[in-house]
Amino acid sequence: QVQLVESGGGLVQAGGSLRLSCVVSGRTFNNYVMGWSRQAPGQEREPLTAISGSGLTTRYADSVKGRFTISRDNAKNTVYLQMNSLKPEDTGIYYCAAAVSFGSVYSRPDYWGQGTQVTVSS
């Protein structure tokens, strides 16, 4: 059974930073593309960024490009999301996901985490 557990969310002022972590257990971590999405209240889930199993390829949504950085440590079965220059519109529940390809990591991942709340105050 694969489990994804996010942590690192919290309350931060605009302009601040947070680092989210997602620990994966149960299967071969480096076989999976890992992604982060977020969902604001009353809105659909928004894909943000993803990283290949090797960590060599990353993709970012325009809304976070230049501010957020995804990385992974395959020895620790962990994917990270470094978030800088946070804005109030970054507020939401942040989810990590594991999938077999970039094509499915946002819409049809094999596994989702339970989410971690990020709140950015103005």
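The values are calculated or read from the model by the stated rules, or taken from the named source; none is laboratory data. Computed from a predicted structure; not experimentally measured. Here the Cβ positions follow ideal geometry from the backbone for every residue, glycine too, while neighbour counts run over all protein chains shown. The accessibility values were calculated without ligands, DNA or RNA, using every heavy atom of the protein model including side chains. Shrake-Rupley method; radii C 1.70, N 1.55, O 1.52, S 1.80 Å.
For this structure, a couple of remarks:
- The set of residues in region 23-35 being more than 19 Å from Ala61 (Cα to Cα) and in contact (Cβ under 8 Å) with a residue 24 or more places away in the chain consists of Val23, Val24, Ser25, Gly26, Arg27, Phe29, Asn30, Asn31, Tyr32.
- The listed residue being open to solvent by 60 Å² or more (accessible area, probe 1.4 Å) and among the acidic types (Asp, Glu), out of Asp62, Asp73: Asp62
- Filter result for Arg38 (part of a strand (DSSP E or B), touching a residue at least 24 places away in the same chain (Cβ under 8 Å) and either open to solvent by 40 Å² or more (accessible area, probe 1.4 Å) or of a type in the set (Asp, Glu) (or both)): no
Quick grid of which residues meet (1) over 11 Å from the mean Cα position of the chain (by Cα); (2) modelled with pLDDT under 95:
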residue: Cys22; (1), (2): no, no
residue: Gly35; (1), (2): no, no
residue: Thr57; (1), (2): yes, no
residue: Asp73; (1), (2): yes, no
residue: Leu81; (1), (2): no, no
residue: Tyr94; (1), (2): no, no
residue: Ser104; (1), (2): yes, yes
residue: Asp110; (1), (2): yes, yes
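So that you can scan it fast, the table gives a plain yes or no per residue for (1) acidic (Asp, Glu); (2) within 15 Å of Asp110 (Cα to Cα); (3) part of a strand (DSSP E or B):
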residue: Gln1; (1), (2), (3): no, yes, no
residue: Glu6; (1), (2), (3): yes, no, yes
residue: Arg19; (1), (2), (3): no, no, yes
residue: Gly42; (1), (2), (3): no, no, no
residue: Leu48; (1), (2), (3): no, no, yes
residue: Leu56; (1), (2), (3): no, no, no
residue: Gly66; (1), (2), (3): no, no, no
residue: Ser71; (1), (2), (3): no, no, yes
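- Entry remark, region 21-35: residues being more than 17 Å from Leu48 (Cα to Cα), part of a strand (DSSP E or B) and open to solvent by less than 60 Å² (accessible area, probe 1.4 Å) number 2 in total.
- Meets criteria (out of contact with any Lys or Arg (no Cβ under 6 Å at 6 or more places or on another chain) and of a type outside the set (Ser, Thr, Tyr)) for Asn74: yes
- Neighbours by Cβ (under 6 Å, 6+ apart or cross-chain): first from region 54-71, without any contact (Cβ under 8 Å) to a residue 60 or more places away in the chain; second of a type in the set (Lys, Arg) and open to solvent by 30 Å² or more (accessible area, probe 1.4 Å): Gly55/Arg72
- Within region 76-104, being without any contact (Cβ under 8 Å) to a residue 60 or more places away in the chain, open to solvent by less than 40 Å² (accessible area, probe 1.4 Å) and within 24 Å of Pro41 (Cβ to Cβ) holds for Asp90, Thr91, Gly92.
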